[in-house]
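Colleague: Got a structure for you, written out below as structure tokens; questions coming shortly.
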Amino acid sequence: MTGNIIFQLHCHLPFVRHPEHEYFLEEDWLFEAVADCYLPLLDVLEHLKADNVPASITMGITPPLATMLTDELLQTRTARYLALRQELAEKDAQQRGPHDPFRRASDFSVERTRWLRRWYDDLGRDLCRAFKRHWDDGRIELITCNATHGMFPLLNDERAIRAQLWHAVRTHERIFDREPKGIWLAECAVWPGIASLLAEFDLRFTFVETHALLMADPPAAAGCYAPIYGDRGVAFFARDPGCARQVWSADEGYPGDPAYREFYRDLGWDLPYEMVKPYIQATGDRKNTGLKYHRVTGKVDLGHKQPYDPEVAHGRAREHGWHFARRRVLAAREVNRLIGQEPCVVAPFDAELFGHWWFEGPVFLEHALRALATLEGAPRPVTPPQYLRANPTQQVAEPAVSSWGEGGYFKVWCQGANDWLWRPVLQAKDHFAQHMDGSAALADGWPGRVARQAARELLLAQSSDWPFILATNTQTGYGTKRPITHLARFWRLMDLWKKRGQGLTPEELHDLEQMEARDNIFEDVNTGVFA
């Protein structure tokens, strides 16, 4: 054996739940992720279990995502989405003759949409419970994340960070029946003092960008190929840039292969309007349906993409999985020679890369894990707790202030397109800490309800998803509306809080009930941890 490899998949979506609308476009983010990423990844785990492949994966499931995956309304809507996708695939197949160049892609989609629908129902529509079974069996390690994916350094307040951590750990424990041992810090954002805060909640490890260790104090002697211990023994694992380039990059990496399915070409835009009308937005505007029949082809515009052949693409994914493993063998040997010890190679990715953005990603991952488990000299897949138990002695250092993303130092989340957002978020945070009684959530009657809902709205406003959306110029209307809405609700609730000892008007009670029905995250919210 030549060292170890840690696969870390970060599963996250912002909390999007709109019971006030029968259909809501942004809820598709969850439905698409379930169909194209989470169900296929669970299938990979089942295959590895059936063949007794000793392959470990670490998966971070954030509190917003875990809450949505276990929400009965969203489970029902996910099932409806899967049924509609199947229906459209079957209708499309009926119009394609045997010599249609898209016939293979169409037949594959029919079979796959039927399987997805069955698989979701077979799992009882509860994907968290399905992932927990694999955790209990030792195939995966489930970890948490900041409560609403808040950007800790930009919150600039240990009280706010403790509140995010408390709700993260409590939500994870409630949904998965076990406390997490580790955490994925949103955007890999670290700064001096974070280790001590994590240790307060018994979070023993996390992940960082490469330069967090290369520029640590003192610099990590093994570079990014061994973790460091920060304050109170919290371990920091750094990303291996070689793995990142090979898998992430659409130009240098595997996802750009011409045989793979093209993400940006969708039947929602290609089929005749009357045929696709029942499957697009209620407004009549087209949208993606999840049915994609073209392949990457090469550097050509969307109009020149060629038909997708699923058999060829899946064969290529298997080849790439084994190629990745063989490259890890060579790289591990070279690193071993350079640093004089077996490396710990860390390969962290957004889980949605596997299946959603890169459709064949789960097939690649399965065969990479199979290859790593069998190739001589390959680094063996482990989880961070497994690695630390086997290698308890590590260098002590302070990781450098850093994040992942463009620039590596929070640039994406605080710049010209979104810097306006931080002042009102921080003002709300300070106001809540100053004016809300620590035991307010325990108050009887409507005052306790107001206090709990104000805490929820405050946490939701702190999500790093909204400034990210604003910075990347995607869905900017929704990205602007969401934090403003949460802040408006927060201040409305703080006004109601001032009326305790009096009574609420029917209109005020209706407002409170609506907010509780829409933003029902953090069932056991605690106002005491904000003070």
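The values are calculated or read from the model by the stated rules, or taken from the named source; none is laboratory data. Computed from a prediction, not measured in an experiment: that's the story for all the values here. Virtual Cβ from ideal backbone geometry, glycine too; neighbours counted across all protein chains shown. For the accessible areas, the whole protein counts, side chains as well, though only heavy atoms, and no ligand, DNA or RNA atoms are used. Shrake-Rupley method; radii C 1.70, N 1.55, O 1.52, S 1.80 Å.
Colleague: Within region 299-350, can you find the residues that are among the small types (Gly, Ala, Ser) and either out of contact with any His (no Cβ under 6 Å at 6 or more places or on another chain) or more than 23 Å from Gly377 (Cβ to Cβ) (or both)?
Modeller: Scanning region 299-350 gives Gly303, Ala313, Gly315, Ala317, Ala325, Ala331, Ala332, Gly340, Ala347.
Colleague: Would you please name the residue that is farthest from Ile521 (Cα to Cα), looking only at residues in region 171-188 that are assigned to a helix (DSSP H, G or I) and of a type in the set (Asp, Glu)?
Modeller: Checked region 171-188; the qualifying residue farthest from Ile521 (Cα to Cα) is Glu187.
Colleague: Taking the residues in region 457-467 that are touching a Ser or Thr at 6+ places or on another chain (Cβ under 9 Å) and in a helix (DSSP H, G or I) as candidates, determine which candidate is nearest to Gln514 (Cα to Cα).
Modeller: My answer is Glu457.
Colleague: Let me ask another. When region 250-271 is examined, which residues are found to be open to solvent by 50 Å² or more (accessible area, probe 1.4 Å) and within 16 Å of Ser106 (Cα to Cα)?
Modeller: Within region 250-271, Trp269, Asp270 meet the criteria.
Colleague: Let me ask you something else. Given Leu388, Leu365, which one is open to solvent by less than 10 Å² (accessible area, probe 1.4 Å), within 25 Å of Val208 (Cβ to Cβ) and either part of a helix (DSSP H, G or I) or out of contact with any Ser or Thr (no Cβ under 9 Å at 6 or more places or on another chain) (or both)?
Modeller: On inspection, the qualifying residue turns out to be Leu365.
Colleague: Any residue at all in region 208-226 that's under 21 Å from the mean Cα position of the chain (by Cα), buried (at least 22 other Cβ atoms within 10 Å of the Cβ) and at pLDDT 95 or above?
Modeller: yes
Colleague: How many residues does region 391-443 contain that are open to solvent by 20 Å² or more (accessible area, probe 1.4 Å) and in a loop (DSSP other than H, G, I, E, B)?
Modeller: Summing the residues that are open to solvent by 20 Å² or more (accessible area, probe 1.4 Å) and in a loop (DSSP other than H, G, I, E, B) in region 391-443 gives 19.
Colleague: Same structure again: In region 490-504, which residue that is in contact (Cβ under 8 Å) with a residue 24 or more places away in the chain and out of contact with any Leu (no Cβ under 9 Å at 6 or more places or on another chain) is nearest to Asp419 (Cα to Cα)?
Modeller: Filtering region 490-504 for residues that are in contact (Cβ under 8 Å) with a residue 24 or more places away in the chain and out of contact with any Leu (no Cβ under 9 Å at 6 or more places or on another chain), the one nearest to Asp419 (Cα to Cα) comes out as Trp491.
Colleague: Select, from Ala317, Ala373, the only residue that is closer than 24 Å to Cys224 by Cα and open to solvent by less than 30 Å² (accessible area, probe 1.4 Å). Show your work before the answer.
Modeller: Values: Ala317 fails: closer than 24 Å to Cys224 by Cα.
Only one candidate passes the filter, namely Ala373.
Colleague: Inside region 211-253, can you point out the residues that are polar (S, T, N, Q) and in contact with a Phe, Trp or Tyr (Cβ under 9 Å, 6 or more places away or on another chain)?
Modeller: Gln246
Colleague: Here's a follow-up. Looking at (1) modelled with pLDDT under 95; (2) under 29 Å from the mean Cα position of the chain (by Cα); (3) crowded, with 20+ Cβ neighbours inside 10 Å, find the lone condition where Val335 falls short.
Modeller: Condition (2) is where Val335 drops out.
Colleague: Please count how many residues of region 22-31 are farther than 17 Å from Thr148 by Cβ, touching a residue at least 24 places away in the same chain (Cβ under 8 Å) and either in a loop (DSSP other than H, G, I, E, B) or not charged (D, E, K, R) (or both).
Modeller: 4
Colleague: Shifting gears a bit: Scanning for something of a type outside the set (Lys, Arg), touching a His at 6+ places or on another chain (Cβ under 9 Å) and not in a loop (DSSP other than H, G, I, E, B), does region 189-203 turn up at least one residue?
Modeller: No, every residue in region 189-203 fails to be of a type outside the set (Lys, Arg), touching a His at 6+ places or on another chain (Cβ under 9 Å) and not in a loop (DSSP other than H, G, I, E, B).
Colleague: On the basis of being more than 25 Å from Val525 (Cβ to Cβ), surrounded by 23 or more Cβ atoms within 10 Å (Cβ to Cβ) and modelled with pLDDT of 95 or more, does Phe7 make the cut? Lay out the reasoning, then the answer.
Modeller: Working: more than 25 Å from Val525 (Cβ to Cβ): yes; surrounded by 23 or more Cβ atoms within 10 Å (Cβ to Cβ): yes; modelled with pLDDT of 95 or more: yes.
Judged against the criteria, Phe7 is a match.
Colleague: Okay, next question. Give the number of residues within region 120-163 that are within 19 Å of Ile6 (Cα to Cα), surrounded by fewer than 24 Cβ atoms within 10 Å (Cβ to Cβ) and in contact with a Gly (Cβ under 9 Å, 6 or more places away or on another chain).
Modeller: The qualifying residues number 1.
Colleague: Let me ask something additional. Being part of a helix (DSSP H, G or I), of a type in the set (A, V, I, L, M, F, W, C) and on the phi < 0 side of the Ramachandran plot narrows it down to one of Ala313, Ala282, so name that one.
Modeller: Only one candidate qualifies: Ala313.
Colleague: For region 505-514, does any single residue satisfy the condition of being out of contact with any Leu (no Cβ under 7 Å at 6 or more places or on another chain) and either of a type in the set (Gly, Ala, Ser) or on the phi > 0 side of the Ramachandran plot (or both)?
Modeller: No, that holds for no residue.
Colleague: Right, another one. With respect to Arg245, determine if the residue is among the charged types (D, E, K, R), out of contact with any helix residue (DSSP H, G or I) (no Cβ under 9 Å at 6 or more places or on another chain) and either without any contact (Cβ under 8 Å) to a residue 24 or more places away in the chain or surrounded by 13 or more Cβ atoms within 10 Å (Cβ to Cβ) (or both).
Modeller: Numbers: among the charged types (D, E, K, R): yes; out of contact with any helix residue (DSSP H, G or I) (no Cβ under 9 Å at 6 or more places or on another chain): yes; either without any contact (Cβ under 8 Å) to a residue 24 or more places away in the chain or surrounded by 13 or more Cβ atoms within 10 Å (Cβ to Cβ) (or both): yes.
Answer is yes for this residue.
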